[in-house]
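Notes follow the structure.
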Amino acid sequence: MKKGLVLVVAMSVLGLAACSTIEDKVIEAGGKQVDTKGITKMISDETVYGTTSGGQHFVIYFYDNGAMRISAANGRFRDTGTWTVANSVLCYKWMTPEGNRCKKLFKMPDGRIEYTTGDGKQGFFDKFVGGNVEHL
C-alpha cells in the first residue's frame, strides 16, 4: 500500500478529517473569486445590501473616491470609513475599529455574491443598486 493511501485510511479509522475552511467550501460550491478590477467595478458608486454570517442586514454605500458609509441594525448603527481593493481582496477601515476587516468576494453559480473573511466568517452582498439611494 502506498504511503498516501495509508495516511488516508489511518485518518479515516481514527475519525480524523482534513480541515476545510469557509473559503474552501465556497469554492467547492462553485464560487469564483472576483478579481481586483471586478470588485472595484462592482462596488464603486453602489449601494450594497448585505447579510452577515450572523444573519444581520446592513447597507453600505461605496463612494467612488474610496469613502464609504454603513447603516445596520435597522438604522441604529451608522459608521463611516474607507475602502481599498488590492490582490483581489476588499478591505474596510471603519471609524469604529472593531469593524476593520478584509473580504474575498466570490460570484456563485446562481449569481449571488458571497464573501469570506480571514477569521472564518462569511456573508452575502445580496443586492446592488447604483448611486447613493439610501442617502448614506
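The values are calculated or read from the model by the stated rules, or taken from the named source; none is laboratory data. Predicted model, so just to flag it, every value in this text is computed and none were measured. Heads up, the Cβs are rebuilt from the backbone with ideal geometry, glycines too, and the neighbour counts pull from every protein chain shown.
A few points about this structure:
- Residue tally, condition in a strand (DSSP E or B) and under 14 Å from Gly99 (Cβ atoms), over the range 60-81: 11
- Some residue of the range 109-117 being under 25 Å from Gly30 (Cβ atoms), touching a residue at least 60 places away in the same chain (Cβ under 8 Å) and of a type in the set (A, V, I, L, M, F, W, C): yes
- Looking across the range 52-87, the residues that are surrounded by fewer than 17 Cβ atoms within 10 Å (Cβ to Cβ) and touching a His at 6+ places or on another chain (Cβ under 9 Å) come down to Ala73, Asn74.
- Matching residues, the range 119-136, being among the basic types (Lys, Arg), more than 17 Å from Ile27 (Cβ to Cβ) and not in a strand (DSSP E or B): none
- When the range 32-51 is filtered for residues that are of a type in the set (Gly, Ala, Ser) and either surrounded by 17 or more Cβ atoms within 10 Å (Cβ to Cβ) or in contact with a strand residue (DSSP E or B) (Cβ under 7 Å, 6 or more places away or on another chain) (or both), the ones remaining, listed by number, are Ser44, Gly50.
- Out of Thr47, Thr116, Thr84, sole residue that is within 17 Å of Ile22 (Cα to Cα) and either at pLDDT 95 or above or assigned to a strand (DSSP E or B) (or both): Thr116
- Condition broken by Thr84, with the remaining ones in (1) farther than 14 Å from Met42 by Cα; (2) of a type in the set (S, T, N, Q); (3) free of Cβ contacts under 8 Å to residues at least 40 places away in the same chain satisfied: (1)
- Each residue in the range 87-113 was checked for being outside any loop (DSSP other than H, G, I, E, B) and more than 24 Å from Asn65 (Cβ to Cβ), and 3 pass.
- Tabulated pairs, the range 30-58, first touching a residue at least 12 places away in the same chain (Cβ under 8 Å), second among the hydrophobic types (A, V, I, L, M, F, W, C) and part of a helix (DSSP H, G or I), C-beta under 9 angstrom, 6+ apart or interchain: Gln33/Val26; Gln33/Ile27; Val34/Met42; Val48/Met42; Ser53/Ile22
- Selection status of Thr82, β-branched (Val, Ile, Thr) and either under 16 Å from Lys104 (Cα atoms) or in contact with a Leu (Cβ under 6 Å, 6 or more places away or on another chain) (or both): no
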